[in-house]
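First the structure, in the form of structure tokens, and then the observations on it.
What follows draws every value from the coordinates through simple rules; no lab data is involved. Remember, predicted model here, so these are calculated numbers, not experimental data. With ideal geometry, Cβ positions are generated from the backbone for all residues, glycine too; neighbour counts draw on all protein chains shown.
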Amino acid sequence: MPHISLPAGLPGIRALFAFRPETAKALCELAEVLLHAPGTLSPAERELIATYVSSQNDCLYCQTAHGAIAASHLGGDEQLVLDVKRDFSHADISDKLKALLAIAGKVQLGGRNVQPEDVQHARQHGATDQEIHDTVLIAAAFCMYNRYVDGLATWAPPDPAAYRQRAGKVAREGYLGIPGDVQSTQAGR
Amino acid sequence: MYNRYVDGLATWAPDDPAAYREPGAQLAREGYLEST
């Protein structure tokens with residue numbers, strides 16, 4: 001049960017977006033730039049970084065929601081998402097993405113854990129400074145979103161199937177429409 | 001988030017607390033939207 005009085009029926013961060021529209025706007029704009037706007041890392045790669053960090057933080061809602069969005073970008077490949085969460089070093093992904101996930105994992109533990117050799121390793125596999133920058137910011141931002149969602153004990157649907165439909169919409173349309181969606185969902189109750 | 005972002009990229013932080021006073025005062029007066 002959530003620690004504060006949240007609109008019923010909205011899962012995870014969506015309930016928090018409905019509760020506080022002022023912060024919802026900034027948080028969705030940040031997610032749009034980091035995960036969906038054009039970039040040299042694909043949306044699938046960026047969602048996998050977000051999913052991995054959320055899984056390391058044990059945030060059920062975020063890892064399931066972003067795992068479903070990643071799978072949608074990957075043509076429905078939910079197994080690859082599970083493989084990345086379980087042991088990305090043996091997953092069927094590029095060496096560059098493995099090196100970036102290693103940096104993301106260090107950021108999840110705390111920023112000072114990232115070592116020059118971690119960054120060097122990513123560069124050797126072709127990562128650019130902007131891709132390294134964005135990886136650190138995605139990992140840092142998901143440490144925030146994860147703590148926000150779990151620190152207020154929001155509700156997470158237990159069934160992964162419940163996340164699929166919205167995941168497809170977010171994969172296609174991005175994050176900027178979400179604050180409006182939750183407001184209209186709330187108004188319809 | 002901000003903590004991990006700043007330290008995850010090993011940015012430079014001035015050692016002397018005095019270096020933070022004027023920027024801090026400006027943020028306190030004017031807020032964060034003009035901070036660049």
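Across chain A, Cα pairs under 8 Å and at least six residues apart give a relative contact order of 37 percent. Distance between the pseudo-spin-label points of B:GLU22 and A:SER94 (7 Å out from Cα toward the beta carbon): 4.4 nm.
Within straight-line reach of A:LYS25, meaning a Cα separation under 22 Å, sit the following lysines at least 8 residues removed in sequence or on another chain: A:LYS169. Listed from fewest to most Cβ neighbours within 10 Å, the set B:TRP12, A:TRP155 follows the order B:TRP12, A:TRP155.
Take each residue in B:3-16, count the other chain C-beta atoms within 10 Å of its C-beta, and the mean is 6. Remark: the protein assembly as shown carries a charge dipole of roughly 620 debye about the Cα centre, counting +1 on each Lys and Arg Cβ and -1 on each Asp and Glu Cβ. Counts of other chain beta carbons within 10 angstrom of each beta carbon in peptide A:107-113 average 5.
Taking only the Cα atoms of chain A, the radius of gyration and Dmax are 16.1, 53 Å. Look at the dipole of the range A:12-187 built from charges on Cβ: of A:ALA187, A:LEU16, A:VAL136, the Cα furthest out on the positive end belongs to A:ALA187. Mean-square fluctuations from a GNM of chain A, with a 10 angstrom spring cutoff on Cα atoms, peak among A:LEU100, A:LEU152, A:LEU34 at A:LEU152. Spatially, the range A:1-76 and the range A:110-149 are offset by 17 Å when compared through their Cα centroids. Exposure proxy ranking for A:ARG123, A:ARG46, A:ARG20, B:ARG29, based on other Cβ atoms within 10 angstrom of each Cβ and starting from the fewest, stands as B:ARG29, A:ARG20, A:ARG123, A:ARG46.
Taking 23 Å as the straight-line reach from the Cα of A:LYS106, the lysines in range (excluding those fewer than 8 positions away in the same chain) are A:LYS85, A:LYS96, A:LYS98. For chain A, A:CYS28, A:CYS143 stand unpaired, since no other cysteine beta carbon lies under 4.7 Å from theirs.
How much length, in nm to one decimal, is gained on full extension between A:ARG86 and A:LEU176, taken as 0.36 nm per residue of separation minus their Cα-Cα distance? Taking 0.36 nm per residue and subtracting the Cα distance, the gain is 29.4 nm. Overall shape: prolate for the range A:1-103, with the ratio a/c of the largest to smallest alpha carbon gyration tensor axis at 1.5 or above and a/b above b/c.
For the protein assembly as shown, the residue among A:ALA44, B:ALA19, A:GLN63 whose Cα projects farthest onto the positive side of the dipole built from Cβ charges is A:GLN63.
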